[in-house]
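The values are calculated or read from the model by the stated rules, or taken from the named source; none is laboratory data. Bear in mind the structure is a predicted one, so any value in this text is a computation, not a measurement. Cβ atoms come from the backbone with ideal geometry, glycine included; neighbour counts cover every protein chain shown.
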Amino acid sequence: MNIRQLPTVFKEDIEDASLSLLSEVNDRLILIGGWAVRAHLGDSHGRFTLDVDGVCSESDLTSIRQRLMALGLKEERTDWGVKFWSKYSPREPVPDQVKSTLKAVELRVEISGPKTKDIDTHHYFEFSLTDFDHKEIAYHRKDAALKVRVPPIETMAAVKLGLPVDFKNNHDVVGLLQVCDVDTVVKEILRTDDWREMVLRRLPKLMGRIQQRGRLENALAIESGIDVSEHVNKLRTIGSSLSQ
């Protein structure tokens, strides 16, 4: 069993535990991962997210480190930044059939500087530490919401289009492009380094996988009422604009 197959009660508990960690550092961090997409899309995001991914300045990282280490999280240096993590402790009775899956779950806060690099190339995408939106993310199991800082939605679409094509990134791209201004997305892609090359490299696979019957992102898009052909046309439009 993988995490996505867990009963809803545990997925919601894991997400709330992740949000609780985020609440300790949300004033120092700009979210850039799945939680940032959730902040923009709300319930229509439609996928489970676990890791807190963010960017910050070096001085803010010092404060974040102090806060998270005080909570007992462990720290690991990585090629792209720093990871803080702890084991997830369920707050619900755990049936035997999910014990091994839950035992392996880690709550992670993964942070880099504003210039995030693709690990296989020299290309990078640079986030602004001053241009961000204020959003809220609702908890599942209490009547409350966490205030967060996230890049503008077109920035999130631009970076997601250049990331490796896995289920999560493909699904996020589908949701973001439903509400983005495509011309602004193209401008954001062209704004930093040569992220254009990364997007052009990923687009054929993005288009192929979302159209492939039986793939999870295709099924979720159809269940959400998304016109897959229209979405693919948006991807083609972005590709044409970047190829000029």
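Condition check: touching a residue at least 60 places away in the same chain (Cβ under 8 Å), surrounded by 12 or more Cβ atoms within 10 Å (Cβ to Cβ), within 17 Å of Glu15 (Cα to Cα) and of a type outside the set (S, T, N, Q). Does Glu106 satisfy that? For Glu106, the condition - touching a residue at least 60 places away in the same chain (Cβ under 8 Å), surrounded by 12 or more Cβ atoms within 10 Å (Cβ to Cβ), within 17 Å of Glu15 (Cα to Cα) and of a type outside the set (S, T, N, Q) - is not met. For the range 45-71, name all the residues that are part of a strand (DSSP E or B) and among the aliphatic types (A, V, I, L, M). Residues satisfying the conditions are Val52, Val55.
Taken as a whole, the condition of being within 30 Å of Pro7 (Cα to Cα) and buried (at least 16 other Cβ atoms within 10 Å of the Cβ) applies to Ser86. Residue-level analysis places Asp118 outside the set of residues that are under 23 Å from Arg191 (Cβ atoms), assigned by TED's automatic domain parsing to the domain that holds Ser20, touching a Gly at 6+ places or on another chain (Cβ under 6 Å) and surrounded by 16 or more Cβ atoms within 10 Å (Cβ to Cβ). Across the range 164-173, not a single residue is classified as touching a His at 6+ places or on another chain (Cβ under 8 Å), in a loop (DSSP other than H, G, I, E, B) and either over 14 Å from Gly34 (Cα atoms) or of a type in the set (Asp, Glu) (or both).
In this structure, is His123 touching a residue at least 12 places away in the same chain (Cβ under 8 Å), buried (at least 16 other Cβ atoms within 10 Å of the Cβ), more than 20 Å from Leu29 (Cα to Cα) and touching a strand residue (DSSP E or B) at 6+ places or on another chain (Cβ under 9 Å)? Steps first, answer last, please.
Details: touching a residue at least 12 places away in the same chain (Cβ under 8 Å): yes; buried (at least 16 other Cβ atoms within 10 Å of the Cβ): yes; more than 20 Å from Leu29 (Cα to Cα): yes; touching a strand residue (DSSP E or B) at 6+ places or on another chain (Cβ under 9 Å): yes.
When the stated conditions are applied, His123 passes them.
Within the range 202-217, the residues that satisfy the criterion of being at pLDDT 90 or above and surrounded by 16 or more Cβ atoms within 10 Å (Cβ to Cβ) are Arg202, Leu203, Leu206, Met207, Arg209, Ile210. For Leu190, work out the one condition from (1) in a loop (DSSP other than H, G, I, E, B); (2) among the aliphatic types (A, V, I, L, M); (3) under 23 Å from Gln244 (Cβ atoms) it doesn't fulfil. Here Leu190 meets the rest and fails (1). Consider Val55 against the criteria (1) within 30 Å of Arg201 (Cβ to Cβ); (2) out of contact with any Pro (no Cβ under 7 Å at 6 or more places or on another chain): it satisfies all of them except one. Which criterion is unmet? Looking at each condition in turn, Val55 falls short on (2). Scanning the range 150-164 for residues that are modelled with pLDDT of 95 or more and surrounded by fewer than 19 Cβ atoms within 10 Å (Cβ to Cβ) yields one hit, Pro152.
Out of everything in the range 52-64 that is surrounded by fewer than 19 Cβ atoms within 10 Å (Cβ to Cβ) and under 21 Å from the mean Cα position of the chain (by Cα), what residue ends up being nearest to Glu12 (Cα to Cα)?
First pass over the range 52-64, keeping only residues surrounded by fewer than 19 Cβ atoms within 10 Å (Cβ to Cβ): 57-60, 62-63.
The next check asks that each one be under 21 Å from the mean Cα position of the chain (by Cα); those that pass are 57, 60.
Values: Ser57: 31, Asp60: 29 Å.
Here the residue is Asp60.
Selection over the range 2-51 of residues that are buried (at least 17 other Cβ atoms within 10 Å of the Cβ), within 15 Å of Ser89 (Cα to Cα) and without any contact (Cβ under 8 Å) to a residue 40 or more places away in the chain gives a count of 1.
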